[in-house]
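Chemist: The structure's right below; bear with me while I get my questions together.
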Amino acid sequence: MTLLLLIRHASTDWVGRGLAGRMPGVGLSDKGREEATALADRLSSLELVALYASPLERTMVTAEAIAAARPVVVEPLPGVLEVDFGLWTGQQLDALRQDPLWPVVQSSPSRLRFPGGESPLEVQARSVAAIETVLSRHPQGTVAVVAHADVIKILLATYAGAPLDAFQRFDVAPASVSAVQFQDGQPCLCLVNHCGALPEPS
């Protein structure tokens, strides 16, 4: 059995304001650094057999906080990189909500491609492939993957057996932990968007 922890990076100055996307140099805010420290404390009772992260600064720094007191090394996992939002990268959310594509993103994301970027279907394909590779490497134990909100929501929808168009129905807060247990290859969602003290390992 493998327990997969899907962890969103801690807060940045962009969270709730705009789409940082793959912009370089987007680190954690002061609040985010506090969240990352608290996150490491929340996970302290869990023994991790591996720790992966999207290679962007905010995810790597969050993962490094988790790894600080553990005998694990953070391994970059490009397949869970943030969505390529194309021309939407760096835009404020208030402005994007006026874009004719915005309602499609919310209700029918499988029908769209971000202007100059990738499609949610492509994000699903690459992120699921990355997770399946991780699971093949670690058929037992607890594995953590630090990634981004939309990537995690797409993975949760996939492993819940929900259509891609339902991924926006999941909420994934900064520094939240979601968990999927894999037994004989079958996924079972154990936690979604958990922001408090984690249950004791069973």
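The values are calculated or read from the model by the stated rules, or taken from the named source; none is laboratory data. This is a predicted model, so every value here is computed, not measured. Positions of Cβ are backbone-derived with ideal geometry, glycine not excepted, and every protein chain shown enters the neighbour counts. Please note that ligands, DNA and RNA were not included when accessible areas were found on the heavy atoms of the full protein model with its side chains. Shrake-Rupley method; radii C 1.70, N 1.55, O 1.52, S 1.80 Å.
Chemist: Would you mind finding the one in Ala129, Ala95 that is assigned to a helix (DSSP H, G or I) and more than 30 Å from Asp184 (Cβ to Cβ)?
Modeler: After applying the criteria, what remains is Ala95.
Chemist: Then there's this: Can you work out which of the residues in the stretch 11-39 that are out of contact with any Lys or Arg (no Cβ under 7 Å at 6 or more places or on another chain) and open to solvent by less than 20 Å² (accessible area, probe 1.4 Å) is farthest from Ile152 (Cα to Cα)?
Modeler: Across the stretch 11-39, the extreme among qualifying residues is Ser29.
Chemist: While we're on this one: Which one of Ala175, Ala157 is without any contact (Cβ under 8 Å) to a residue 60 or more places away in the chain, hydrophobic (A, V, I, L, M, F, W, C) and either farther than 30 Å from Ser44 by Cα or open to solvent by less than 20 Å² (accessible area, probe 1.4 Å) (or both)?
Modeler: Ala157
Chemist: Those residues that are over 11 Å from Val151 (Cα atoms) and either over 15 Å from the mean Cα position of the chain (by Cα) or not β-branched (Val, Ile, Thr) (or both), I need them from the stretch 123-136; list them, please.
Modeler: Ala129, Ala130, Glu132, Thr133, Leu135, Ser136
Chemist: Now a separate question. Check Phe167, Phe182, Phe114 and return the single one that is buried (at least 17 other Cβ atoms within 10 Å of the Cβ) and assigned to a helix (DSSP H, G or I). Quick ask: steps written out before the conclusion?
Modeler: Numbers: Phe182 fails: assigned to a helix (DSSP H, G or I); Phe114 fails: assigned to a helix (DSSP H, G or I).
Only one candidate passes the filter, namely Phe167.
Chemist: Of (1) over 21 Å from Trp88 (Cβ atoms); (2) among the hydrophobic types (A, V, I, L, M, F, W, C); (3) at pLDDT 95 or above, Met1 satisfies all except one. Which?
Modeler: (3)
Chemist: Given the conditions (1) touching a helix residue (DSSP H, G or I) at 6+ places or on another chain (Cβ under 9 Å); (2) polar (S, T, N, Q); (3) crowded, with 20+ Cβ neighbours inside 10 Å; (4) over 21 Å from Arg22 (Cβ atoms), which single one is not true for Thr142?
Modeler: (1)
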